[in-house]
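A short write-up of the structure that comes next.
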Amino acid sequence: MGIISFIKGGVAELAIARPDSAKDFWVYKHPDQNIPMKAQLTVDSDEVALFFKDGKYVGSFSAGRHTLDASNIPFLGLLIDKFTGGNVFICEVFFVNTREMPSIKFGTSIGDVQDPQTQLRIRLMVYGEFSAKVIDPIKFVLGIVGQRATDNDAFLGWFKSQVQKTMKDGIASLIVKQNWPLMKVTSGAYTEDIETTTLDHVRKNIEPYGVEIMRFGDFSVSMDQADKDRLDKLVDRMAYVGGMGSAPGGMAAYQQLAQAEMMMGAAEGMKKGGDGGGAFQGAGIGMGFAMAGQMAGQMQNATAHAPVAESKESIMATLKQLGELKAAGILNDTEFDAKKKELLAKL
């Protein structure tokens, strides 16, 4: 039994190859730096084996089975340990995968971007997947060793962080530079432009490490659902006001829209933060009533110079806003009914 164990141990020492469990790794480092003379090195068709000593590249082997013998492979002579009688190479061996690696998923926040259409600040996300491959194995190993990412998991973590950082900076800058409305950005209207520009930008930042991003898949820019609802609502209201355009009372309607947004924001704040006690609740209702009165006053001033048809539209818009204030708890029934009666009397 001891002889069999010795033979098995000798065979293991003589066989240098990437194990089956590491076939899908970007990089696999052979665990032993002491490699016996005449060892058999096996390199698969989709990889290359690189030899390093003291952090410096010495030589490489392409696909095939190779007998490590310094007498016919000159660079191996640089690796011989003379203290062992020339029977052992002292080196680091890296197996680098050279095929295209698909379906690498990513997802990151782009950050807060100001929408040019509404001036709201919206948090955007980008997610999808990409494929990449090693195009320069020597640069690749030198780069990841410099980053201390010498195993597969460490490399993937570092690599994805580099890609996502470049995406985050590049996409935000592009959207701001092009002045694109965020509703169109997240609808996919500019996805092809964003994807092409991002791919070029990422390649420039990643290729110095010997890796190339080949292509993106399922590339998408999105926003939080709450932000989307908020943006949808404001864009619709702005479209309504824009439709009033140059008509008399149009500016008054825009001011009413701005005031309504402020009041609805206050209502949402009270919902999230609680009523804060009776005094605060009373103050909030008083504020809403005062704002509603101010809206009605502006409506009266605007309609003094407006045609009858326009006055009706403006009054109905104000009634709608008052209804939303009531639903949000800013106005009580008595206050709402009083303002409603006052506005209906003008029709």
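How long are the semi-axes of the equivalent ellipsoid of segment 103-169, defined as square roots of 5 times the Cα gyration tensor eigenvalues? Whole Å, largest first.
In descending order the semi-axes read 32, 12, 10 Å.
Once the other residues with Cβ under 15 Å from the Cβ of T198 are scored (Lys, Arg +1; Asp, Glu -1), what is the net sum?
Computed value for this residue: -2.
Give the dimensionless ratio obtained when the Cα radius of gyration of segment 48-90 is divided by 2.2 N^0.38 Å.
1.15
Taking K339 as the anchor, which lysines have their alpha carbon closer than 30 Å to its alpha carbon, excluding any fewer than eight residues away along the same chain?
Within the straight-line cut-off, K339 pairs with K233, K271, K272, K312, K320, K326.
For K56, list the lysines whose Cα falls under 27 Å from its own Cα; do not include residues on the same chain fewer than 8 positions away.
K23, K29, K38, K82, K133, K139, K160, K204
Quick note: the coordinates plus some simple rules give every number you see, no bench work behind them. Nothing here was measured: the structure is a model prediction, and the numbers come from that model. Cβ sites come from the backbone with ideal geometry, for glycine too, and all protein chains shown count toward neighbours.
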